[in-house]
Amino acid sequence: MTPAGTAAEATGAGAAATASETDVLVVGAGLAGLRCARVLTDAGLDVQVWEAGDAVGGRIRTDVVDGHRCDRGFQLLNPAYAAVRAWVDAPALGLQSFGAGVVAGTDEGRLLLGDPLRATRTLPSTLRHVAPRALDVLPLARWAAPLLRHPAGRHLAHHLTSGGDTDLRTALDRAGVHGLLRRVLDRFLSGVVLDDSTSSAFALLLLRSFLTGVPGLPAQGMQALPEQLAAPLGARVRLAHRVERVGPAGPRGVLVEGPAGSVRARRVVVATDGVDAAGLTALEPVRTRGVVTTWFATDEPVGLRSATEARMLHVDAREVPAGPLVNTAVVSAAAPTYAPEGSHLVQGSALLRRGTAPATDGEIRRHAGLLLGVDTSSWRVVVRHEVEHALPAQPAPLAARRRQALDSGVVVCGDHRDTASIQGALVSGDRAARTVLTDL
């Protein structure tokens, strides 16, 4: 937030004379901002949501190209998240589930590893590959033991961090987790958190969510999620309303200014990503992780060994990965609405690393073909997305609840204030709304 001072106060006082007024102005129509606005609106407050983009969703956007639905950065919705169960009508989204497991690329070939309780067809393959590595399972179970002690604990994050949290790599080393199962876990989680390592406690929280729910994609694309949250807000959401300044407006509240005008609010909630939030407030910038995703289409069926395998994520579990991808998937096999009839849609995602050139479409295509075990000569690029600030970093020790209330009537929310996930964004928005209601 602009520091208080004579110049700032003069600017605020002059603009305040012509500014419109509202109880709360929410900056940003991502998941956190939309959840916050809904709670405040239901409480009877006058709320406006200013969104800089041409649609709601923040980083969750879906491009439709030649009938193909391509999300900006491959991501999935897990219906097991508590916030999703509480505040999202998942059945109305027409969620299309991926398989409960992964296909791991190794030097010996592709290994199908599934959840034996939910993906029963994968049981023979899973047992065949895991049984010879039974000694590797015990250390993995030792690392995951906190989930057994608190499988559905309301304060699981507290339980996981009360004894100290360390980065995932160190935690797995201490537990003695090595070999193929370690590589599968490492590569799978890299695609979820967009990092080579993360907080061990956060990894366990994610693991619990994958064990209790199977992620999928809405029929109309991931953007259908924020659109559902925005629908009850109606005209309160104002698109193409970029905010350039958040500052004091004397004793009467906070002044928000942008090219579309200015508004004076009793309270302002900055619900942008961590980078933009730091530009509007006194918060320190957060570290972020990026991803590049290329979407390919082909008229030729992607010939995998089975329909079960086709609906799985594919990861590279070689000791030395054969390419840049953290995962690839035949998206239209799991979510048929993502491709028009007669076409098949494949995505490949790689990490964006600072100081290193992004993976090229050719590199992504080659690695995806290797992991899927298919010929890619008929593939054509539909669209490529480079999302520099896709997720906030989630280092150890896990900070599942960061400060939201700032001075002078400003509250900040977003996944950078809770956990780097859809769950974290929704919870953060809800928490910010409760803070505002208590304050007012």
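The values are calculated or read from the model by the stated rules, or taken from the named source; none is laboratory data. The model shown is predicted, which means the values in this text are computed figures rather than measured ones. Note: ideal-geometry Cβ built from the backbone for every residue, glycine included; neighbour counts use all protein chains shown.
Of all residues in segment 370-379, those that are surrounded by fewer than 21 Cβ atoms within 10 Å (Cβ to Cβ) and in contact with an Asp or Glu (Cβ under 7 Å, 6 or more places away or on another chain) total 1.
In segment 96-202, which helices (runs of 4 or more DSSP H) lie fully inside it and hold 3 or more residues that are touching a residue at least 60 places away in the same chain (Cβ under 8 Å) and out of contact with any Gly (no Cβ under 6 Å at 6 or more places or on another chain)? It comes to 156-162, 179-193. The residues of segment 31-54 that are in contact with a Ser or Thr (Cβ under 9 Å, 6 or more places away or on another chain) and under 12 Å from L239 (Cα atoms), listed by number, are Q48, A52.
Just checking, does segment 346-358 include any residue being assigned to a helix (DSSP H, G or I) and modelled with pLDDT of 95 or more? The answer is no, given that none of the residues of segment 346-358 is assigned to a helix (DSSP H, G or I) and modelled with pLDDT of 95 or more. Scanning segment 193-204 for residues being under 21 Å from A145 (Cα atoms) and either crowded, with 22+ Cβ neighbours inside 10 Å or in contact with a Cys (Cβ under 9 Å, 6 or more places away or on another chain) (or both) gives a total of 7.
Among the residues of segment 379-401, are any in a strand (DSSP E or B) and among the acidic types (D, E)?
Yes, that holds for at least one residue.
With respect to the conditions (1) touching a Gly at 6+ places or on another chain (Cβ under 8 Å); (2) closer than 22 Å to P392 by Cα; (3) among the polar types (S, T, N, Q), Q220 lacks only one, and its number is (2). Across segment 1-36, the number of residues qualifying as farther than 12 Å from P248 by Cα and modelled with pLDDT under 70 comes to 2.
For segment 359-378, taking the residues that are part of a helix (DSSP H, G or I) and under 17 Å from A310 (Cβ atoms), the one that is nearest to the chain's Cα centre (by Cα) is identified as A368. So H241 clears everything in (1) crowded, with 20+ Cβ neighbours inside 10 Å; (2) assigned to a loop (DSSP other than H, G, I, E, B); (3) assigned by TED's automatic domain parsing to the domain that holds R72; (4) not polar (S, T, N, Q) except one condition, right? Which one? Against the list (1) crowded, with 20+ Cβ neighbours inside 10 Å; (2) assigned to a loop (DSSP other than H, G, I, E, B); (3) assigned by TED's automatic domain parsing to the domain that holds R72; (4) not polar (S, T, N, Q), H241 comes up short only on (3). Hey, could you check segment 201-234 for residues that are modelled with pLDDT of 95 or more and polar (S, T, N, Q) and say which is nearest to R311 (Cα to Cα)? So, considering only residues that are modelled with pLDDT of 95 or more and polar (S, T, N, Q), the one nearest to R311 (Cα to Cα) is Q220. Restricted to segment 317-366, and to residues there that are in contact with a Cys (Cβ under 9 Å, 6 or more places away or on another chain) and among the hydrophobic types (A, V, I, L, M, F, W, C), the residue that is farthest from V192 (Cα to Cα) is L345. Just a yes or no: is a residue in segment 380-390 buried (at least 24 other Cβ atoms within 10 Å of the Cβ) and either more than 15 Å from the chain's Cα centre (by Cα) or not aliphatic (A, V, I, L, M) (or both)? No: segment 380-390 contains no residue that is buried (at least 24 other Cβ atoms within 10 Å of the Cβ) and either more than 15 Å from the chain's Cα centre (by Cα) or not aliphatic (A, V, I, L, M) (or both). Residues satisfying the criterion are present in segment 305-320 (criterion: in a helix (DSSP H, G or I), of a type in the set (G, A, S), surrounded by 20 or more Cβ atoms within 10 Å (Cβ to Cβ) and modelled with pLDDT under 95). Only one entry of G355, G414 meets the criterion of being touching a residue at least 40 places away in the same chain (Cβ under 8 Å) and at positive phi, and that entry is G414. Hey, can you tell me all the residues within segment 253-278 that are under 12 Å from D23 (Cα atoms) and touching a helix residue (DSSP H, G or I) at 6+ places or on another chain (Cβ under 7 Å)? Hits for segment 253-278 are L255, R264, R267, V269. Considering the conditions (1) more than 24 Å from the chain's Cα centre (by Cα); (2) modelled with pLDDT of 95 or more; (3) assigned to a loop (DSSP other than H, G, I, E, B), T41 is excluded by exactly one of them, (3). Here A92 fulfils each of the conditions (1) among the aliphatic types (A, V, I, L, M); (2) touching a helix residue (DSSP H, G or I) at 6+ places or on another chain (Cβ under 6 Å); (3) in contact (Cβ under 8 Å) with a residue 60 or more places away in the chain apart from (2).
Quick check on R245: is it in contact with a Ser or Thr (Cβ under 8 Å, 6 or more places away or on another chain), farther than 30 Å from P397 by Cα and at pLDDT 95 or above? Considered against the rule, which asks whether it is in contact with a Ser or Thr (Cβ under 8 Å, 6 or more places away or on another chain), farther than 30 Å from P397 by Cα and at pLDDT 95 or above, R245 comes out as yes. Between A396, A334, the distinction of being over 30 Å from T298 (Cα atoms), within 23 Å of the chain's Cα centre (by Cα) and surrounded by fewer than 24 Cβ atoms within 10 Å (Cβ to Cβ) belongs to A396 only. When we screen E227, E257 for residues that are surrounded by fewer than 24 Cβ atoms within 10 Å (Cβ to Cβ), outside any strand (DSSP E or B) and among the acidic types (D, E), the only hit is E227. Which of the residues spanning segment 285-332 are free of Cβ contacts under 8 Å to residues at least 12 places away in the same chain and in contact with a helix residue (DSSP H, G or I) (Cβ under 6 Å, 6 or more places away or on another chain)? Matches in segment 285-332: P285 only.
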